[in-house]
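A short write-up of the structure that comes next.
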Amino acid sequence: MQPGHIGLTVSDLDRAVRFYSGVFGYERIGGGDGFAFLGKDGRAVITLWTAGVDALHHLAFEVPSIDDAAAAEARVVELGGRMHHDGVVAHREGASSGGIFFTDPDGIRLEIYAPDGAGGEAPHGEAPTCGFF
């Protein structure tokens, strides 16, 4: 498992995009109303969200396969985490990427995802699943 991306809650999305792009050299590779994905070569490194109350929106960890993401669910529950969806869900409608979304025992939002293999319906339609848990 390796770090995937860091989700941050920001008060001014345009200012945050300018800041993180300017400081780290990332480009905007996606986003929508109230969120932006910044990274390089199509890979998100930082996700910015205007929805949220904590500065840290969520941490995401990438695994090689969707089976690895699914297998992590039992460990999460066993160790006191709280799942936000049953099993693996797609990042958005029609996306092949997806994973599991949960909080640790202290309430920190976490995601374990794979870049391919999720498919199916997403809990929030076209909006990114990782933004709304």
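Points worth noting:
- Scanning segment 36-68 for residues that are part of a loop (DSSP other than H, G, I, E, B), at pLDDT 90 or above and open to solvent by 30 Å² or more (accessible area, probe 1.4 Å) yields 41, 42, 50, 64, 65.
- Restricting attention to segment 92-117, the residues being within 14 Å of residue 70 (Cβ to Cβ), within 13 Å of the chain's Cα centre (by Cα) and either open to solvent by 40 Å² or more (accessible area, probe 1.4 Å) or polar (S, T, N, Q) (or both) number 1.
- For beta carbons closer than 7 Å, sequence separation of 6+ or different chains, a first residue in segment 60-79 that is more than 10 Å from residue 100 (Cα to Cα) and among the β-branched types (Val, Ile, Thr) and a second that is open to solvent by 80 Å² or more (accessible area, probe 1.4 Å) and in a loop (DSSP other than H, G, I, E, B), the qualifying pairs are 63/1.
- Residues of segment 69-113 that turn out to be assigned to a helix (DSSP H, G or I) and either in contact with a Cys (Cβ under 9 Å, 6 or more places away or on another chain) or of a type in the set (A, V, I, L, M) (or both), as a count: 7
- Test result for residue 11, among the small types (Gly, Ala, Ser), more than 15 Å from residue 108 (Cα to Cα) and open to solvent by 60 Å² or more (accessible area, probe 1.4 Å): yes
- Residues that are open to solvent by less than 40 Å² (accessible area, probe 1.4 Å) and over 21 Å from residue 119 (Cβ atoms) within segment 69-91 comprise 76, 81, listed in sequence order.
The values are calculated or read from the model by the stated rules, or taken from the named source; none is laboratory data. Note that the coordinates shown come from a computational prediction; the quantities given were computed from them, not determined experimentally. Cβ coordinates were reconstructed from backbone atoms using ideal geometry, including for glycine residues, and neighbour counts include every protein chain displayed. Just so you know, the surface numbers come from the protein's heavy atoms only, side chains and all, with ligands and any DNA or RNA stripped out. Shrake-Rupley method; radii C 1.70, N 1.55, O 1.52, S 1.80 Å.
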